[in-house]
Amino acid sequence: MIRPQCLVILALSVLAYPCFGEISLEDALGGFDNEEYENEQSEPEIDPIGSELSDLDDILGEFDISNETPITVTEPPAIIEGDTPSVRLSGSIRQKFIVNFSHEAPATGEIDHRGLSSVSTRLDLELESKLANDFRVLLTGHFVLDPIHPKQTSPGRTSMVANTSDYELELGEAFIQGPLTDSIDLTFGRQIVVWGRSDQFRITDILNPVDYRNPGLTDIKDLRLPVSMARFDLYSGPWSSSLILVPERRFDMTPEPGSDYYFGPVPLPPREYPGGQFGKPDIAFALTGTFSGWDLSFYTARLLNRNPYIELGQDGPKRKHQRITMFGSAANLVVGSWLIKGEIAVHKDLRFSNVPDRDFQKFTALAGIEYSGIVDTTLAFEVTSSHISDFDNRLTAQPDSRKENESAIAFRIGRTFLNDSLDLTMAAMAPTPIGDNGGLARTQVTYDLNDSVELYGGVLLYFKGKKLPYNKIADNDRLFLGLNYHF
């Protein structure tokens, strides 16, 4: 039986269970006034017990107030129903410029990607409404306008840029969320569910497709695409579990013909949607335990692979999506200023373009560390390794370009200055062995002009190697500059 909850219970449940949905702490605590304390004789002595803050847990220090000095607590002002708005509208306007500076002059008939390649204006809107019985509705979307198209060196290449649009209108997260009982929550609609612990690689994080149209330009957290789901979350002590049904067919967004990142066949083979845009739902389950200084998660899913393989049929080649099974686990451990993370996963029933009539199994493991012991500085390092069972040497050829054993590393350093108003981030990723297979590196500086406006810019470099995609996109180095206004 659904029982109404007050906002206080909702706020406490968010603090008690870090895995609770996507409700932000600011929204959950909105509308509460701080209590004012008056000391009639002298200020109380407070002994803060120092504690280090990690990326995993924000540990609230305990404060012992001396009983020698009496404290008179004034009653907080009464909270009048209706003080907190039931509807909140927010968003941002972003202007970005991208300049490609390492392309050579194209030959006749090729596309010229040199110089200014993007002048994009993006509007993001978010509408949130709080309903009765502690339910809420979230609706987001964006509109992007970019009039810059790839330049053509001859009129015969029109088909290469036909798929390049100057605008994009997209519905983002759009869901209703709330408690069914004291221990069960429902989230229904388009949403993003993050699995795993890695910030650079996707090992167990397979539920949402990803926008790969500009690889390396944006962090993975900003690339996930929402997909329609029905999610049931059950809470019991330190444990939480999730049952997820995914009826929508949505796949990774990859570079299209006309992009300087595109190196596939022209035109693209048509995509096959098993059962249509909506059909038999994918199913996923997660179990997470959160404890003092560490956490542990177990995952399993049966879903359509977000990455297609190409199969040649009677009607020509088609991009097809195989239904795969994943079993995985992830964990975090905090030791002083160190955060140790790990993930493992087994992906079964994989299919590849060069051997479309066989199923393969891949085992992947990840280990990573983060260090925050330096003031205003965070260091992170991750390494991942994968193995394909019963490997077929035909997979080494394009378009698969797979190896039986593959590994990659990622490094990230972040530093803040000027009271956190200036942020410097340097990130790099490369398949191993380093230097043979290419890689990428991004340096970005972000400066907060005020609470609403931020200015950012940087450089993205690609390094040529033997492995896809770096053997095809190494000349895509670019400078970027942007301005964000939040409201």
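Residues are listed down the side, and each one gets a yes or a no for (1) at pLDDT 95 or above; (2) of a type in the set (Val, Ile, Thr); (3) assigned to a strand (DSSP E or B):
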{"site": "Gly438", "(1), (2), (3)": "no, no, yes"}
{"site": "Gln444", "(1), (2), (3)": "yes, no, yes"}
{"site": "Lys464", "(1), (2), (3)": "no, no, yes"}
{"site": "Leu468", "(1), (2), (3)": "no, no, no"}
{"site": "Leu479", "(1), (2), (3)": "yes, no, yes"}
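Mind listing whichever residues of segment 300-312 are within 23 Å of Gly279 (Cα to Cα) and open to solvent by 20 Å² or more (accessible area, probe 1.4 Å)?
Thr300, Arg302, Asn305, Asn307, Pro308, Ile310, Glu311
Mind checking which residues of segment 388-415 are farther than 24 Å from Ala428 by Cβ and either assigned to a loop (DSSP other than H, G, I, E, B) or open to solvent by 50 Å² or more (accessible area, probe 1.4 Å) (or both)?
Hits for segment 388-415 are Ser389, Asp390, Phe391, Asp392, Asn393, Arg394, Thr396, Ala397, Gln398, Pro399, Asp400, Glu404.
Rundown of residues vs (1) modelled with pLDDT of 50 or more; (2) open to solvent by less than 60 Å² (accessible area, probe 1.4 Å); (3) among the β-branched types (Val, Ile, Thr), yes/no style:
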position: Thr69; (1), (2), (3): no, yes, yes
position: Ile80; (1), (2), (3): no, no, yes
position: Arg88; (1), (2), (3): yes, no, no
position: Lys96; (1), (2), (3): yes, yes, no
position: Asn100; (1), (2), (3): yes, yes, no
position: Ile111; (1), (2), (3): yes, yes, yes
position: Ser120; (1), (2), (3): yes, yes, no
position: Asp124; (1), (2), (3): yes, yes, no
position: Thr158; (1), (2), (3): no, no, yes
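When only residues in segment 416-430 that are out of contact with any Gly (no Cβ under 8 Å at 6 or more places or on another chain) and over 27 Å from Thr384 (Cα atoms) count, which is most open to solvent (accessible area, probe 1.4 Å)?
Once the filter is applied, the top-ranked residue is Asn419.
Taking into account only those residues within segment 194-224 that are under 15 Å from Ala286 (Cα atoms) and β-branched (Val, Ile, Thr), which is surrounded by the fewest Cβ atoms within 10 Å (Cβ to Cβ)?
Step by step, filter segment 194-224, then rank; the result is Val194.
Based on this model, can you work out whether Ala230 counts as surrounded by 18 or more Cβ atoms within 10 Å (Cβ to Cβ) and either at pLDDT 95 or above or not polar (S, T, N, Q) (or both)? Break it down into steps so the answer makes sense when it comes.
Numbers: surrounded by 18 or more Cβ atoms within 10 Å (Cβ to Cβ): no; either at pLDDT 95 or above or not polar (S, T, N, Q) (or both): yes.
No, not satisfied.
Note down all Cβ pairs under 6 Å where the first residue falls in segment 353-367 and is over 16 Å from Ile310 (Cβ atoms), the second is part of a strand (DSSP E or B) and open to solvent by 50 Å² or more (accessible area, probe 1.4 Å), and they're at least six residues apart or on different chains.
Listed by first residue and then by second, the contacts come to Gln361/Lys348; Phe363/His387; Ala365/Ile344; Ala365/Ser385; Ala367/Val383.
Mind telling me which of the residues Thr325, Thr364, Thr377, Thr384 ends up being among the β-branched types (Val, Ile, Thr), closer than 21 Å to Ser198 by Cβ and in contact with a Phe, Trp or Tyr (Cβ under 6 Å, 6 or more places away or on another chain)? Walk me through it before giving the result.
Details: Thr325 fails: in contact with a Phe, Trp or Tyr (Cβ under 6 Å, 6 or more places away or on another chain); Thr364 fails: in contact with a Phe, Trp or Tyr (Cβ under 6 Å, 6 or more places away or on another chain); Thr377 fails: in contact with a Phe, Trp or Tyr (Cβ under 6 Å, 6 or more places away or on another chain).
After applying the criteria, what remains is Thr384.
Please state which one of Ser297, Ser337, Ser353 is among the polar types (S, T, N, Q) and surrounded by fewer than 18 Cβ atoms within 10 Å (Cβ to Cβ).
The conditions single out Ser337.
Considering only residues that are touching an Asp or Glu at 6+ places or on another chain (Cβ under 9 Å) and open to solvent by 70 Å² or more (accessible area, probe 1.4 Å), which ones fall in segment 264-294?
Once the filter is applied, which keeps residues that are touching an Asp or Glu at 6+ places or on another chain (Cβ under 9 Å) and open to solvent by 70 Å² or more (accessible area, probe 1.4 Å), segment 264-294 yields Pro270, Gln277, Phe278, Ser292.
The values are calculated or read from the model by the stated rules, or taken from the named source; none is laboratory data. These numbers were taken from a predicted model, which means no experiment stands behind them. Virtual Cβ from ideal backbone geometry, glycine too; neighbours counted across all protein chains shown. Accessible surface areas use protein heavy atoms only, side chains included; no ligands, DNA or RNA. Shrake-Rupley method; radii C 1.70, N 1.55, O 1.52, S 1.80 Å.
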